[in-house]
Amino acid sequence: MTEQQTPVLELDDIQGPVLRNRPLPYFGAYLLLRIDDPNHGREMLRLLVPRIASAANWQNPAEKVWINLALTFQGLKALGVPQASLESFSPEFQQGMAARAQAIGDLGESDPSNWEKPFGSQDVHVALAYTSGEEAALEHRLDLARTNLKDLPGVSIIYQLDTAMLPSVRTHLGYRDGVSTPLIEGSGSPALPGQGPAIKAGEFILGYPDEMGNLSPIPQPEVLGRNGTYLAFRKVHTHVAQFRKYLHANAKSPEDEELLQAKFLGRWPSGAPLVLAPERDDPELAADPQRNNDFSYYEEDPKGLKCPVGAHIRRTNPRDALKDTITNVNIHRIVRRGFVYGPVLPEGAMEDDGVDRGIVFLWMGGYLARQFEFVKSQWHNDGDFVGLADEKDPIAGANDGTGTFTIPQRPVRRRLHGIPRFVTTKGGEYCFMPSIKGLQWLADLDT
Ligand code: HEM
């Protein structure tokens, strides 16, 4: 295969979530498991392998439930993966998310010492995701899983987090999510206007050429690494009342409140992008996939007068805005999936009710360091790359009540002060999501 050819991706071997989005509406459950007996762990994999949803059969999962599985470094050890293989995984994955807290800005309230148990402990070995468009189908599968595990006492469910789409089809902070995602070469997904150039598959799936023209490194043996991907799983609590209060206190009018909310993100709550709808929301634009992502920054909004340069979507995907710099944005693209958990805070409520609500954030890619960790450290929690000194992402940044948010406007820019923390990490894990053949190899281990 020459570098120019589009690789043929082995879709029936690649787990679906890296290439395909979740259903809408969705009901989901994340189970975290501990393996005390490697033979029971392998037996569980043997039962699950035929049921894992690949990117090939994504539209029609068995019994209407998508099942996917990833393992932590401790999980690979618990299954008895040989040392030489363990050492072939990326150093960040080997260290685990909690150990990388400094690099990704999990500080203060988000510090791993404050995480919910069992996150960040040596006990989290397997993350199992069940997703369905129908609640009853999901419950049925979960019951079956629990029944099967009764025969495998060497494997325990140590945590469960349920997710479900909110009736508003938005996230707790009021925004619609899941509008923009990179186009991956060979994925078979149709190109949508504004997605940017197709990104080489090796950026996201191991074993294919990446944007640097290299073959992405594969953990060994090849059957375990190829067609796999790294995955960052984060449970993120959102401070909804805090968010509403801050907007209310800093807005000049009710219309201004919604504008500030849009300026933080770069899109109106409906999903309409500020670059295309700078002054007021445009729900029709928001609902049109041919138009709602079809914009860039360099020509259309170089100074951020429409979409602030520090807004969440402009930081996390600067598109063409950095084209006069040495930064190659294509090596920092992010494949992410968000799932909402917890009940809605009633509309208009301004006081915290103490209930846990937020999102499960999933990142998937070939390079933990130059994708997930780079975006967290350089683009979320620093502002240098867009001339904003140490200003942080207003939504996802590690704010502590002392930072600012700059809104470019004429004749004088507007600057908000005292940006509180709107999201707190409650826990998370770095995982490896092997291919289906990789899972079979793990199931067949006889060490
Ligand atoms: C922690 C709480 C977070 C919230 C509430 C949040 C929310 C959102 C929302 C509402 C959008 C707009 C919808 C869209 O463009 O698809 C968005 C876009 C995006 N977010 Fe986040 N996000 C969070 C964290 C993160 C993190 C940790 C990353 C990366 C490490 C990230 C990367 C992105 C990217 C790449 C986009 C698309 C930008 C584009 O292509 O224009 N987000 N996010």
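Please work out which residue is farthest from PRO23 (Cα to Cα), limiting yourself to the range 289-313 and to residues that are in contact (Cβ under 8 Å) with a residue 40 or more places away in the chain and out of contact with any helix residue (DSSP H, G or I) (no Cβ under 8 Å at 6 or more places or on another chain).
LYS303
For ASP400, indicate whether it is assigned to a loop (DSSP other than H, G, I, E, B) and within 13 Å of the ligand (Cβ to nearest atom). Before the answer, list the steps.
Details: assigned to a loop (DSSP other than H, G, I, E, B): yes; within 13 Å of the ligand (Cβ to nearest atom): no.
Spelling it out, it is not the case that ASP400 is assigned to a loop (DSSP other than H, G, I, E, B) and within 13 Å of the ligand (Cβ to nearest atom).
Which of the residues belonging to the range 313-328 are within 13 Å of the ligand (Cβ to nearest atom) and not in a helix (DSSP H, G or I)?
Across the range 313-328, the qualifying residues are ASN317, PRO318, ARG319, ASP320, ALA321.
Here is a yes/no grid of residues against (1) assigned to a loop (DSSP other than H, G, I, E, B); (2) away from the ligand (no atom under 16 Å from the Cβ):
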site	(1), (2)
GLY348	yes, yes
GLU391	yes, yes
GLU429	no, no
LYS437	no, yes
TRP441	no, yes
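Between a first residue in the range 170-191 that is within 30 Å of ALA241 (Cα to Cα) and at pLDDT 95 or above and a second residue that is charged (D, E, K, R) and more than 7 Å from the ligand (Cβ to nearest atom), which pairs have beta carbons less than 7 Å apart while being 6 or more apart in sequence or on different chains?
Listed pairs, sorted by first residue: HIS172/ARG357; ARG176/ARG170.
Hey, can you tell me all the residues within the range 352-372 that are open to solvent by less than 10 Å² (accessible area, probe 1.4 Å), more than 10 Å from the ligand (Cβ to nearest atom) and outside any strand (DSSP E or B)?
ARG357, GLY366, LEU368
If I ask for residues that are over 30 Å from MET44 (Cα atoms) and away from the ligand (no atom under 15 Å from the Cβ), which ones from the range 144-192 would you list? Outline the logic, then answer.
Of all residues in the range 144-192, those over 30 Å from MET44 (Cα atoms) come to 166-186, 188-192.
Passing the criteria: PRO167, GLU185, GLY186, GLY188, PRO190.
With touching a residue at least 60 places away in the same chain (Cβ under 8 Å) and closer than 23 Å to ALA145 by Cβ as the only criterion, which of ARG51, ARG100, ARG46 stands out?
ARG46
Kindly indicate which of THR424, THR406 is farther than 30 Å from TYR208 by Cβ, within 16 Å of the ligand (Cβ to nearest atom) and outside any loop (DSSP other than H, G, I, E, B). If you could, list the steps in order and put the result at the bottom.
On the way: THR406 fails: within 16 Å of the ligand (Cβ to nearest atom).
None of the others qualify; the one that does is THR424.
What number of residues in the range 196-210 are in a loop (DSSP other than H, G, I, E, B), within 16 Å of the ligand (Cβ to nearest atom) and either under 25 Å from ALA129 (Cβ atoms) or open to solvent by 50 Å² or more (accessible area, probe 1.4 Å) (or both)?
2
Taking the condition more than 23 Å from the chain's Cα centre (by Cα), at pLDDT 95 or above and either open to solvent by less than 30 Å² (accessible area, probe 1.4 Å) or within 16 Å of the ligand (Cβ to nearest atom) (or both), does ARG141 pass?
Answer is yes for this residue.
Would you check if ASN292 is of a type outside the set (Phe, Trp, Tyr), open to solvent by less than 40 Å² (accessible area, probe 1.4 Å) and in a loop (DSSP other than H, G, I, E, B)?
In short, yes.
If we keep just the residues of the range 329-346 that are over 30 Å from ALA201 (Cα atoms) and assigned to a loop (DSSP other than H, G, I, E, B), which is least open to solvent (accessible area, probe 1.4 Å)?
Filtering first and then ranking leaves LEU345.
Looking only at residues that are crowded, with 22+ Cβ neighbours inside 10 Å and hydrophobic (A, V, I, L, M, F, W, C) in the range 223-242, which one is farthest from the ligand (Cβ to nearest atom)?
LEU224
Output the residues belonging to the range 314-328 that are among the hydrophobic types (A, V, I, L, M, F, W, C) and open to solvent by 30 Å² or more (accessible area, probe 1.4 Å).
ALA321, ILE326
Criterion first (out of contact with any Phe, Trp or Tyr (no Cβ under 8 Å at 6 or more places or on another chain) and among the charged types (D, E, K, R)) does ASP162 satisfy it? If you could, list the steps in order and put the result at the bottom.
Values: out of contact with any Phe, Trp or Tyr (no Cβ under 8 Å at 6 or more places or on another chain): no; among the charged types (D, E, K, R): yes.
For ASP162, the condition - out of contact with any Phe, Trp or Tyr (no Cβ under 8 Å at 6 or more places or on another chain) and among the charged types (D, E, K, R) - is not met.
Quickly run through the range 385-444 and pick out the residues that are among the acidic types (Asp, Glu) and within 23 Å of the chain's Cα centre (by Cα).
GLU391, ASP393, ASP400, GLU429
Do you know which residues across the range 297-312 are within 14 Å of the ligand (Cβ to nearest atom), open to solvent by 30 Å² or more (accessible area, probe 1.4 Å) and farther than 13 Å from VAL386 by Cα?
GLU300, LYS306
The values are calculated or read from the model by the stated rules, or taken from the named source; none is laboratory data. Keep in mind that what you see is a predicted model, and the values were worked out from it rather than measured. FYI the Cβ positions are ideal-geometry reconstructions off the backbone, even for glycines, and counts take in every protein chain you see. When the accessible area is computed, the model is the full protein with side chains, heavy atoms only, and any ligands, DNA or RNA have been set aside. Shrake-Rupley method; radii C 1.70, N 1.55, O 1.52, S 1.80 Å.
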